[in-house]
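Below is one structure, written out as structure tokens, with a few remarks after it.
The values are calculated or read from the model by the stated rules, or taken from the named source; none is laboratory data. On a predicted model such as this, the values are computed, not experimentally measured, just so you know. Quick reminder, even Gly has a Cβ in these numbers, built from the backbone with ideal geometry, and neighbours come from all protein chains shown.
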Amino acid sequence: MSVQIVTVESAPFAENSYVLWVEGSNAALVVDPGFEPDVILDVLADRELTLAAILCTHGHVDHIAGNAALKQRFPSAPLIIGRGDAPMLTDPMLNLSGLFGFDIVSPPADRTVSDGEQLNLAGMSWDVREIPGHSPGHVVYILREPKPSLVLGGDVLFRGSIGRTDFPGGDFATLTAGIRRVLWPLPPDTVVYPGHGPATTIGHERRTNPFLQD
């Protein structure tokens, strides 16, 4: 199985949305649709892909702003988010858009997930793990096959950094403990696709990330 990934970076927060599909299949996942859903829809159309599901790692506005447009185009595609962040979808103050002076809401979740669940979507089997600390109910999605494994990491772990913990519901100790608990045991060649910035690997961050050195 070969997984294809297209990254769509959207302004104004340089947020990474991802379109993923198994080579040879026309079913795709979109992860964290940001402020440029038209670009995501163009990626799907250009490759003749159908949206199977929208996965949200968390509920901050830059990661959910495109949900409504994708649901309008693909109304049967379930919108999935961690149980703890589901209220943020429909509340501008919780998703932080209200703090920036513009109220953006998403359709409500079609499904919420919790730590330890598994999602079988678009021919891929994802493990759901909760890593709070950037947001109260942040989840990551781990694909263990094919090799190397990959993580859709949202705003948990970045190349050389970690997610902000100064937003409501954030906590530095909780975030770093969750990274060590959930991500560090993964194989070192596991690729992390973060919500901002370039991809990295578990091994690189274990060795060099300045926020996570003992």
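Please specify each residue of region 1-12 satisfying the condition of being under 22 Å from Ile104 (Cα atoms) and not in a loop (DSSP other than H, G, I, E, B).
If the condition is that a residue be under 22 Å from Ile104 (Cα atoms) and not in a loop (DSSP other than H, G, I, E, B), then Val8, Glu9, Ser10 are the ones that fit.
Which ones in region 1-49 are of a type in the set (Ser, Thr, Tyr) and touching a Gly at 6+ places or on another chain (Cβ under 7 Å)?
If the condition is that a residue be of a type in the set (Ser, Thr, Tyr) and touching a Gly at 6+ places or on another chain (Cβ under 7 Å), then Ser10, Ser17, Ser25 are the ones that fit.
Among the residues of region 67-74, is any surrounded by 24 or more Cβ atoms within 10 Å (Cβ to Cβ) and in contact with a Phe, Trp or Tyr (Cβ under 9 Å, 6 or more places away or on another chain)? First the steps, then the outcome.
Step one: filter region 67-74 for residues surrounded by 24 or more Cβ atoms within 10 Å (Cβ to Cβ), giving 67.
Add one more test, that the residue is in contact with a Phe, Trp or Tyr (Cβ under 9 Å, 6 or more places away or on another chain), and what stays is none.
No.
Among the residues of region 44-89, how many are under 18 Å from the mean Cα position of the chain (by Cα) and of a type in the set (Ser, Thr, Tyr)?
Total meeting the criteria: 1.
For Pro136, which of the numbered conditions (1) within 22 Å of Thr176 (Cβ to Cβ); (2) touching a strand residue (DSSP E or B) at 6+ places or on another chain (Cβ under 7 Å) fails to hold?
(2)
Would you mind stating whether Phe158 is modelled with pLDDT under 95, over 25 Å from Leu49 (Cβ atoms) and of a type outside the set (Val, Ile, Thr)? First the steps, then the outcome.
Details: modelled with pLDDT under 95: no; over 25 Å from Leu49 (Cβ atoms): yes; of a type outside the set (Val, Ile, Thr): yes.
Judged against the criteria, Phe158 is not a match.
Would you tally the residues in region 123-143 being more than 10 Å from His58 (Cβ to Cβ) and out of contact with any His (no Cβ under 9 Å at 6 or more places or on another chain)?
Start the filter on region 123-143 by keeping residues that are more than 10 Å from His58 (Cβ to Cβ), which leaves 123-130, 133, 141-143.
With out of contact with any His (no Cβ under 9 Å at 6 or more places or on another chain) added as a condition, the list becomes 123-129, 133, 141-143.
The qualifying residues number 11.
Restricting region 187-214 to residues that are crowded, with 16+ Cβ neighbours inside 10 Å and among the charged types (D, E, K, R), which is nearest to Leu96 (Cα to Cα)?
Once the filter is applied, the top-ranked residue is Glu205.
Which residue is nearest to Leu119 (Cα to Cα), if the candidates are limited to region 66-87 and must be touching a strand residue (DSSP E or B) at 6+ places or on another chain (Cβ under 8 Å) and among the aliphatic types (A, V, I, L, M)?
Ile80
Taking Asp42 and the conditions (1) touching a residue at least 24 places away in the same chain (Cβ under 8 Å); (2) surrounded by fewer than 22 Cβ atoms within 10 Å (Cβ to Cβ), which numbered condition does it fall short on, given that it satisfies the others?
Exception for Asp42: condition (1).
Can you tell me which residue in region 188-213 is nearest to Glu15 (Cα to Cα), limited to those that are touching a helix residue (DSSP H, G or I) at 6+ places or on another chain (Cβ under 7 Å) and not in a helix (DSSP H, G or I)?
Filtering region 188-213 for residues touching a helix residue (DSSP H, G or I) at 6+ places or on another chain (Cβ under 7 Å) gives 188-190, 192, 195, 202, 211-212.
Retained after the next criterion (residues that are not in a helix (DSSP H, G or I)): 188-190, 192, 195, 211-212.
On the way: Pro188: 25, Asp189: 24, Thr190: 21, Val192: 15, Gly195: 6, Phe211: 21, Leu212: 23 Å.
By that ranking, first place goes to Gly195.
Give region 153-179 a look and list any residue that's within 21 Å of Gly203 (Cα to Cα) and among the basic types (Lys, Arg), or say none.
The answer is Arg159, and nothing else.
Just name the residue that is surrounded by the fewest Cβ atoms within 10 Å (Cβ to Cβ) out of those in region 1-39 that are within 15 Å of the chain's Cα centre (by Cα) and among the acidic types (Asp, Glu).
Glu9
Restricting the first residue to region 154-179 and requiring it to be closer than 12 Å to Glu130 by Cα, which pairs with a second residue that is among the polar types (S, T, N, Q) and surrounded by 14 or more Cβ atoms within 10 Å (Cβ to Cβ) meet a Cβ separation below 7 Å and a spacing of at least six or different chains?
Note: pairs meeting the criteria are Gly154/Thr57; Leu175/Thr165.
Show me the strands (runs of 3 or more DSSP E) found entirely inside region 96-186 where at least 1 residues are surrounded by fewer than 17 Cβ atoms within 10 Å (Cβ to Cβ).
Numbers: elements: 111-113, 118-121, 124-130, 139-143, 150-154.
Correct list: 111-113, 118-121, 124-130.
Which members of region 12-28 meet the condition of being among the aliphatic types (A, V, I, L, M) and closer than 18 Å to Phe158 by Cα?
Taking region 12-28 as the starting set, the residues that turn out to be among the aliphatic types (A, V, I, L, M) are 14, 19-20, 22, 27-28.
Hit for region 12-28 is Ala14, nothing else.
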